[in-house]
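The values are calculated or read from the model by the stated rules, or taken from the named source; none is laboratory data. Worth saying up front: this structure is predicted, and the values here are computed from it rather than measured. Cβ atoms come from the backbone with ideal geometry, glycine included; neighbour counts cover every protein chain shown. Heads up: the accessible areas ignore ligands, DNA and RNA and are worked out on the full protein's heavy atoms, side chains in. Shrake-Rupley method; radii C 1.70, N 1.55, O 1.52, S 1.80 Å.
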Amino acid sequence: EKTEVYSLRLDHKLTDRQQLMLRGSVSPSYITGIQENAANQNLGENSFSRTASQSLHDVAIVAQHTYVVSANKVNELRYQYARHPVLFAPSTAPGGSGVAVNIPGFAYFGKTPFSVVDRIENQNQLQENFTYTHGRHTLKTGVDLRYIPINFKQGQLYGGGDYTFAALGATDISPALAGLPGFSPIQAYGLGIPQSFVQGIGLTTYRYDLKV
């Protein structure tokens with residue numbers, strides 16, 4: 001995991017009663033080796049090829065104007081823009097882009113079935129607060145508007161295919177083997193006889209807006 005945070009803030013006094021603040025921040029983050037258990041994996045049984053990586057590169061810009069109307073009245077106007085891109089991708093290790101194989105209780109390897117997810121969230125926020133103080137009482141009122149367009153650029157589930165190998169009875173191979181011991185998941189994998197196969201077809205893309 002590697003995460004860095006960079007921030008710069010500027011304050012400027014416009015007049016005796018007005019002040020302007022501007023702040024920008026960038027926080028890139030990269031994580032590898034993320035294990036999953038949504039496909040009934042036991043943590044610790046995933047090979048490195050079955051793990052995922054997550055890449056973030058958040059950016060935020062905030063501007064605020066503070067106006068002291070009088071000794072007991074203050075108005076604050078604030079605008080913020082934030083960009084939050086998320087990329088959830090399969091491992092770059094050997095086998096990380098190949099078909100997934102599940103051997104419950106033994107091993108999970110191949111491409112993680114829950115990637116790729118590529119999403120970008122943009123947030124625009126406009127906020128205004130007015131504070132009035134009288135004696136021991138303080139009244140604060142304001143409005144907070146947010147517009148959050150979300151672009152789901154790419155989503156894929158089981159895109160690389162997923163084989164599951166489970167224990168087999170002897171007669172699952174041939175009726176002639178009746179009465180003989182069954183086969184373990186490892187032996188079923190060696191025989192090349194999966195219990196199930198799942199394959200996702202196509203990509204999901206979607207764009208929607210949130211207004212609050």
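Among what's in region 189-201 and is open to solvent by less than 90 Å² (accessible area, probe 1.4 Å) and in contact (Cβ under 8 Å) with a residue 40 or more places away in the chain, pick the residue that is nearest to the chain's Cα centre (by Cα). Out of the qualifying residues, it is G200. Looking only at region 47-57, which residues are open to solvent by 20 Å² or more (accessible area, probe 1.4 Å) and either in a strand (DSSP E or B) or not aromatic (F, W, Y) (or both)? Scanning region 47-57 gives S47, Q54, S55, L56, H57.
Examine region 108-123 for a residue that is open to solvent by less than 50 Å² (accessible area, probe 1.4 Å), polar (S, T, N, Q) and over 30 Å from F165 (Cα atoms), and state whether such a residue exists. Looking for residues that are open to solvent by less than 50 Å² (accessible area, probe 1.4 Å), polar (S, T, N, Q) and over 30 Å from F165 (Cα atoms), one finds at least one in region 108-123, hence yes.
Among the residues of region 1-41, those identified as in a loop (DSSP other than H, G, I, E, B), open to solvent by 50 Å² or more (accessible area, probe 1.4 Å) and of a type in the set (S, T, N, Q) are T15, Q35, N37, N40.
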